[in-house]
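Remarks on the structure that follows.
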Amino acid sequence: MGVFLYTGTDIEVFLCTGTGGAISQFLHVAPGPLFRTEGSSIFLWCNASGLSVGAFEWSVFREHSPRRKLQIVSSVDPDFSYAIFQERMGGKREIYLEKVGEDIARLHITHLRAQDAGEYECYTPNPTHRYQGAYSASVTLKVIPDLLRVSVLSPQELTLHEDDPLSMVCEVSSSRAQHTHFSITWYREDSDSTQPLISLSKLSIVSTGPSFQDRHLTGQLRLEKVSPIWYQLTMSGLQPTDQAKYYCQATEWIQDPDRTWYPLTTMRSQVIRVFVQSSGTLLMDRAPGNEISPEEEVRDTAVYGGQGES
């Protein structure tokens, strides 16, 4: 005889034994609701802790049709899936089931669509005949639009002198109802590599790339949040090697009910080209990878009175 106790997303079953003891067994999934953005990927795990299961089945009650159960995938029955999922499970492999050992299965959706929102049910048939019943547990998935916006409040090109300060502002926003955090990283890109300069984590912890730690320690490199949506990069004492392309990249994070942080989406800004004039010259050679176009050459000639580049 079995006694069923419902505990949130888990179903706990106590199996009474002939000796008067009991065996505690669980089927559980991740606590929800889970929020994910359109176009992102997710896996939903189902853990049959303490059970000897022969199969896992995943179904969904979609948000727009909560009373209709749609069968997605089974670990043993190739004909289990409804037709609306078969194309995504075929060549595209947008949906598939992964078994991790004997008692854990993951439902993967590699490219979420708005209509994928709903209540996902993991089910495993009763593996024994000692009692009647079956196990199932559900988790709610919310699919939300990608609302992250990232831009740099600066001209696309800046020309400065050696030893001048450089200041650029990255604007990051996302107009959603859920509480989210941002992480921000500024990058420098030249012909040889792209390097992270400085970052602000989702928990407001500052870190720097390996090549810029000394400048940060001496106060020559800073990243500050100067408004709810503005993140200002400041570099003082510019050097010729600072002539490069710069951009900022932001990631929006949400905290799941299990207290872990999940990156909803990532976006980078437009590129800003920074030219550094060496002492004693009007305009230094542009760094490899920042070659000037014929149109730029005509413009520079007009601006600097026809003087050629040194």
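The values are calculated or read from the model by the stated rules, or taken from the named source; none is laboratory data. Quick caveat, the model's predicted, so the values are computed rather than measured. Every residue, glycine as well, gets a Cβ built from its backbone with ideal geometry; the counts of neighbours run over all protein chains shown. For accessibility, only protein heavy atoms count, side chains too; no ligands or nucleic acids. Shrake-Rupley method; radii C 1.70, N 1.55, O 1.52, S 1.80 Å.
Scan segment 177-207 for residues that are basic (Lys, Arg) and surrounded by fewer than 14 Cβ atoms within 10 Å (Cβ to Cβ) and the total you get is 0. Among the residues of segment 103-117, those identified as open to solvent by less than 60 Å² (accessible area, probe 1.4 Å), touching a Leu at 6+ places or on another chain (Cβ under 9 Å) and within 18 Å of Ser74 (Cβ to Cβ) are Asp103, Ala105, Leu107, His108, Ile109.
Would you please name the residue that is farthest from Ser40 (Cα to Cα), looking only at residues in segment 242-261 that are open to solvent by less than 40 Å² (accessible area, probe 1.4 Å) and assigned to a loop (DSSP other than H, G, I, E, B)? Out of the qualifying residues, it is Gln243. Any chance segment 227-241 includes a residue that's in contact with a Ser or Thr (Cβ under 8 Å, 6 or more places away or on another chain), open to solvent by 50 Å² or more (accessible area, probe 1.4 Å) and free of Cβ contacts under 8 Å to residues at least 60 places away in the same chain? Taking every residue of segment 227-241 in turn, at least one turns out to be in contact with a Ser or Thr (Cβ under 8 Å, 6 or more places away or on another chain), open to solvent by 50 Å² or more (accessible area, probe 1.4 Å) and free of Cβ contacts under 8 Å to residues at least 60 places away in the same chain. Counting only residues that are within 29 Å of the chain's Cα centre (by Cα), farther than 13 Å from Asp116 by Cα, surrounded by fewer than 16 Cβ atoms within 10 Å (Cβ to Cβ) and among the polar types (S, T, N, Q), segment 50-102 holds 1 of them. Considering segment 262-281, and only residues there that are in a loop (DSSP other than H, G, I, E, B) and of a type in the set (Ser, Thr, Tyr), the residue that is nearest to Tyr187 (Cα to Cα) turns out to be Ser269.
Listed by first and then second residue, the pairs with beta-carbon distance under 7 Å, at least 6 apart or on different chains, first residue in segment 213-225 and free of Cβ contacts under 8 Å to residues at least 40 places away in the same chain, second of a type in the set (Lys, Arg), are Leu221/Arg215. The single condition among (1) modelled with pLDDT of 95 or more; (2) not in a strand (DSSP E or B) that Glu291 does not meet is (1).
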